[in-house]
Amino acid sequence: VEDRIAGLTAGGDDYVTKPFSIEEVVLRLRALLRRTGVSTEGGGAKIVVGDLVLDEDSHEVTRAGELITLTATEFELLRFMMRN
């Protein structure tokens with residue numbers, strides 16, 4: 001119990017103890033991706049933060065349904081910030 005408390009206090013938001021089930025870890029990761037707005041349905045990933053949507057396959061960004069034109073560098077920087 002002390003290890004779990006220390007891990008969560010240090011900034012972790014989940015804790016898996018040994019021995020663990022790979023299936024459980026995969027399900028926990030999927031739940032985390034759902035909470036952070038990353039969608040992998042349809043083969044491509046979309047990152048959603050509020051009304052901002054970044055489509056990693058088409059390299060398109062929309063906000064409130066309006067297309068935003070970005071350079072490749074701007075797109076990569078936005079993707080980094082939305083993931084983190």
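Relative contact order for the chain: what percent, with Cα pairs under 8 Å and sequence separation of 6 or more?
Values: 64 pairs, mean separation 11.2, N = 84.
Relative contact order, the chain: 13 percent.
Taking only Cα atoms and a 10 Å spring cutoff, compute GNM fluctuations for the chain and point out the largest among Val61, Val53, Val25.
Val25
Within 13 Å, Cβ to Cβ, of Asp14, how many net charges do the neighbouring residues add up to if Lys/Arg are +1 and Asp/Glu are -1?
On the way: positive: Arg4, Arg28, Arg30, Arg35; negative: Asp13, Glu24.
Net of charged neighbours comes to +2.
Can you pull a Stokes-Einstein diffusion coefficient for the chain at 37 °C (0.692 mPa s), Rh from Kirkwood over Cα pairs, as a whole number of µm²/s?
218 µm²/s
Could you work out [θ]222 nm for the chain from helices alone, using -39500 (n - 2.57) per DSSP H run of at least four and dividing by all its residues? Round to the nearest 500 deg cm²/dmol. It would help to have the intermediate numbers written out before the result.
Details: 3 runs with 35 residues, N = 84.
Value at 222 nm, helices only: -13000 deg cm²/dmol.
Coordinate-derived values only; no laboratory data. Note that the coordinates shown come from a computational prediction; the quantities given were computed from them, not determined experimentally. Because the Cβ atoms are built from the backbone with ideal geometry, glycine has one as well, and the counts that use them run over all protein chains shown.
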